[in-house]
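The structure appears right after this line, and notes come after that.
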Amino acid sequence: MISGAAFLSTALFGGAGVQNVSAQEAAATLSAPQLNGYFATEPWTGAPKGTASAQSLTGASAATTIPMSTYSFATTKDGTTRTGTIVGTSPFAAPQSSTIPVVVVPLKITIGTAVFDPSAANSCDGNISAVNRFNQSPLVQVSPLTFNGVSVGTTQYINGFRRAEFWNAIGGSAAYQNTLSPVTYATQVSVPALTSSQGSTYSSGCSLLGIVSYSWFSNYLSNTLLPSLTASGVISPTKFVIFLLKNVVQSTANPPSTTGCCILGFHSAKGSPVQTYSPIDWDTTGLFSGTADGSIASHEIGEWMDDPLGTNPTPAWGNIGQVSGCQTNWENGDPLSGTLMPAITLSGKAYHMQELGFFSWYFNKLGVASLGAGGKFSANGKFAGPSKACPAGGTN
């Protein structure tokens with residue numbers, strides 16, 4: 001973890017295969033050294049805790065943000081009661097449904113002569129663009145979903161995960177749903193050509209990767225692009241914003257390079273009323289193991305769903321997944337970074353979602369039953385017990 005607004009942890013995962021490529025392109029991909037990949041969070045600092053959920057649920061400020069709710073939970077791990085804010089409806093209340101509007105903003109990035117265009121046909125992925133792949137994926141489309149042997153219905157992946165995560169709390173009720181709807185797509189934004197201090201490239205062919213400065217990119221999103229898109233009515237705090245990238249990641253090095261690399265995505269919240277958003281790479285480079293197509297998006301959207309402000313506290317956990325050291329925030333993707341779920345095939349394409357940790361993994365002591373589907377502590381049962389106290393961390 002580094003200091004400052006973003007929580008960053010070192011990951012140790014680095015190739016997934018590519019499809020429908022020429023022999024020359026495939027050779028370039030196979031010859032490229034693997035890179036480390038990890039994820040980040042920029043916690044909300046715009047107003048006191050609880051304000052965001054109050055804005056969205058009650059009083060004169062109702063409906064000024066995405067639907068959110070608060071929870072209060074007696075934590076058996078350390079005997080404390082912890083409160084937080086989640087997207088949608090609370091699993092600890094009477095089961096009910098919510099819908100969360102989403103707008104996807106494709107970002108075209110130019111670094112020297114290299115153009116990374118998520119709206120363009122990708123010859124390294126069946127000539128399908130990243131935008132179309134995202135739209136056709138289980139993140140947007142519905143499919144029958146099973147977690148730890150429990151069918152949670154035919155729905156989107158993240159909604160299905162949330163249902164599985166609290167399966168025993170909601171009693172498997174079909175009334176508990178938090179779907180991304182409507183999902184709309186903005187006109188592509190062409191980011192001004194990057195200077196050498198803002199961006200660089202790595203490898204070639206199908207593994208060509210754009211690397212941008214994390215500090216520059218974060219500042220550009222929060223201080224230039226968000227205000228501009230808000231003023232033009234493209235986005236608003238009532239919608240979750242996804243900035244979709246194609247094979248572009250971030251580096252904390254200055255100028256950006258494979259040092260301090262590679263941040264595959266992060267989620268953030270700014271302002272009051274709070275605007276939640278996430279830049280996400282749709283990766284087809286094959287440079288990061290345990291990472292393919294929609295796995296980065298599933299990580300970030302899953303974390304946003306459970307911790308939209310990046311401020312939900314947990315007992316200390318760590319030294320697992322991408323985390324070296326201890327963390328005290330509810331980031332459900334970090335302890336399983338680089339761990340994929342069984343593929344979900346839609347329209348002949350196998351999509352890869354990341355396995356995510358259940359709520360009970362963070363808050364339960366050993367011996368207390370999980371609220372999650374199948375009595376497990378993660379979406380595909382990699383965690384059979386709750387997290388261990390940190391230090392030393394790890395899992396039971």
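The values are calculated or read from the model by the stated rules, or taken from the named source; none is laboratory data. Not measured: the values here are computed from a predicted model. Ideal geometry is used to build each Cβ from the backbone, glycine not excepted, and the neighbour counts take in all protein chains shown.
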Inside region 328-382, can you point out the residues that are outside any loop (DSSP other than H, G, I, E, B), among the hydroxyl-bearing types (Ser, Thr, Tyr) and over 24 Å from residue 293 (Cβ atoms)?
328, 360, 362
Among the listed residues 225, 229, 264, which satisfies the condition of being at pLDDT 95 or above and buried (at least 23 other Cβ atoms within 10 Å of the Cβ)?
264
Would it be correct to say that residue 79 is loosely packed, with under 15 Cβ neighbours inside 10 Å and at pLDDT 95 or above?
yes
Filter region 141-179 for residues that are hydrophobic (A, V, I, L, M, F, W, C) and in a strand (DSSP E or B); the one that is surrounded by the fewest Cβ atoms within 10 Å (Cβ to Cβ) is 150
Selection over region 73-98 where residues are touching a Phe, Trp or Tyr at 6+ places or on another chain (Cβ under 8 Å) and among the charged types (D, E, K, R) yields a count of 2
When both residues are 6+ apart or on different chains and their Cβ atoms are under 6 Å apart, which pairs have a first residue that lies in region 266-285 and is within 11 Å of residue 39 (Cβ to Cβ), and a second that is buried (at least 24 other Cβ atoms within 10 Å of the Cβ) and modelled with pLDDT under 95?
none
For region 328-351, which positions are under 13 Å from the mean Cα position of the chain (by Cα) and at positive phi?
338
Residues of region 104-133 being crowded, with 19+ Cβ neighbours inside 10 Å and in a strand (DSSP E or B), in sequence order, are 104, 105, 106, 107, 109, 111, 116
Would a scan of region 188-196 turn up a residue that is part of a helix (DSSP H, G or I) and not aromatic (Phe, Trp, Tyr)?
no
Provide a single number: the residues in region 331-359 that are among the polar types (S, T, N, Q), at pLDDT 95 or above and surrounded by fewer than 24 Cβ atoms within 10 Å (Cβ to Cβ).
2
Here the qualifying pairs (Cβ atoms under 8 Å; residues six or more apart or on different chains; first in region 301-313 and polar (S, T, N, Q); second part of a helix (DSSP H, G or I) and crowded, with 24+ Cβ neighbours inside 10 Å) come out as 312/306
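Would you check which residues across region 198-234 are among the polar types (S, T, N, Q), touching a strand residue (DSSP E or B) at 6+ places or on another chain (Cβ under 8 Å) and farther than 15 Å from residue 249 by Cα and list them?
Across region 198-234, the qualifying residues are 222, 230.
For residues that are small (Gly, Ala, Ser) and in a helix (DSSP H, G or I), scanning just region 289-323, find the one that is surrounded by the most Cβ atoms within 10 Å (Cβ to Cβ). Spell out the reasoning first.
Looking only at region 289-323, we keep the residues that are small (Gly, Ala, Ser), and these are 289-290, 292, 294-295, 297-298, 302, 310, 316, 318, 321.
Pick out the ones that are also in a helix (DSSP H, G or I) and you get 295, 297-298, 302.
Numbers: 295: 26, 297: 29, 298: 27, 302: 27.
Per the stated criteria, the residue is 297.
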Unique match (being within 23 Å of the chain's Cα centre (by Cα) and farther than 30 Å from residue 371 by Cα) among 209, 145, 194, 180:
209
